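Enquirer: Handing you a structure now.
The values are calculated or read from the model by the stated rules, or taken from the named source; none is laboratory data. Bear in mind the structure is a predicted one, so any value in this text is a computation, not a measurement. All Cβ positions, even for glycine, are placed from backbone atoms using ideal geometry, and neighbour counts span all protein chains on display.
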């Protein structure tokens with residue numbers, strides 16, 4: 001039965017319905033499946049190929065067409081996975097049971113997507129600031145805090161200092177309480193040990209870890225805590241155990257931190273889009289450059305596998321290569 005672009009193939013609709021009802025996939029995942037399978041149908045229509053008669057050569061051609069349209073390897077891999085899943089479902093399903101709906105009894109000899117692979121993904125390095133850029137950003141935040149001394153600028157200086165000092169994820173940072181609470185109904189996800197200069201956070205997989213806090217960052221945090229306590233004592237904001245709060249007293253949202261960091265980086269004159277996770281990358285890269293201790297960096301970042309930490313060795317090598325070129329007396333010999 002021929003289909004138009006305005007009509008989704010009935011068997012695609014049936015498959016999506018099964019994914020929704022039986023497998024209970026999320027709306028976001030279902031939307032992605034629908035988009036990829038609609039793309040498959042569109043490609044088949046372009047070549048006047050019946051979807052149920054598609055062969056391996058067709059799938060390879062269509063994957064190549066996606067590549068020619070500058071689709072990323074990740075997008076192509078996702079599309080192939082969706083296509084493969086649908087054809088697997090067709091091969092396992094007895095089409096005769098749908099005869100009453102007017103569907104032909106079709107049995108695919110094999111899944112046409114088998115052995116079709118997406119282009120290899122280029123492994124991108126995490127984006128990190130240079131030491132100079134990181135210090136410039138922090139100095140800008142501290143300068144504004146000292147000049148304005150208001151809630152937002154003092155808080156921002158403490159946040160940026162802590163992100164860079166301890167390499168926290170944004171979710172970990174926002175879960176920190178001023179003091180640890182062991183109340184069953186409101187147990188702290190994270191807290192500061194002010195005397196021990198450590199922060200304890202709840203990371204991925206529900207694993208807790210403690211990370212040192214540098215002296216300058218701890219000082220920024222103390223200044224922020226003093227102002228934060230003053231605001232709550234005079235009733236300007238509801239009492240909260242959250243370390244980082246908004247003017248209304250609520251625990252700070254991720255979007256607020258992202259927006260404040262982005263605009264602060266612009267004022268600091270940084271030539272790149274700065275986001276909270278970039279501060280984590282910068283922390284890891286700079287500690288590794290100085291210590292060469294991969295295991296220690298792994299512990300501080302909370303990586304379950306050291307393979308996740310090893311990517312920073314590529315950034316470290318770039319730094320070492322630059323240092324070698326600048327410092328070694330024979331580094332440029334033969335390069336002239």
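Enquirer: Just to be sure I understand the filter: pairs with C-beta atoms under 9 Å, separated by 6 or more residues or on different chains, first member in region 61-72 and touching a residue at least 60 places away in the same chain (Cβ under 8 Å), second member outside any helix (DSSP H, G or I). Which pairs pass?
Expert: none
Enquirer: How many residues, within region 144-178, are part of a loop (DSSP other than H, G, I, E, B) and either more than 17 Å from residue 249 (Cα to Cα) or in contact with a strand residue (DSSP E or B) (Cβ under 6 Å, 6 or more places away or on another chain) (or both)?
Expert: 5
Enquirer: Let me ask another. Could you please tell me which pairs satisfy a Cβ distance under 6 Å, a separation of 6+ or placement on different chains, a first residue in region 166-183 that is assigned by TED's automatic domain parsing to the domain that holds residue 214, and a second residue that is assigned to a helix (DSSP H, G or I)?
Expert: So the pair list comes out as 167/280; 167/283; 167/284; 167/300; 167/301; 170/254; 170/276.
Enquirer: Looking for whichever is within 17 Å of residue 297 (Cβ to Cβ) and surrounded by 15 or more Cβ atoms within 10 Å (Cβ to Cβ) here; the options are 188, 165. Which one fits?
Expert: The unique qualifying residue is 165.
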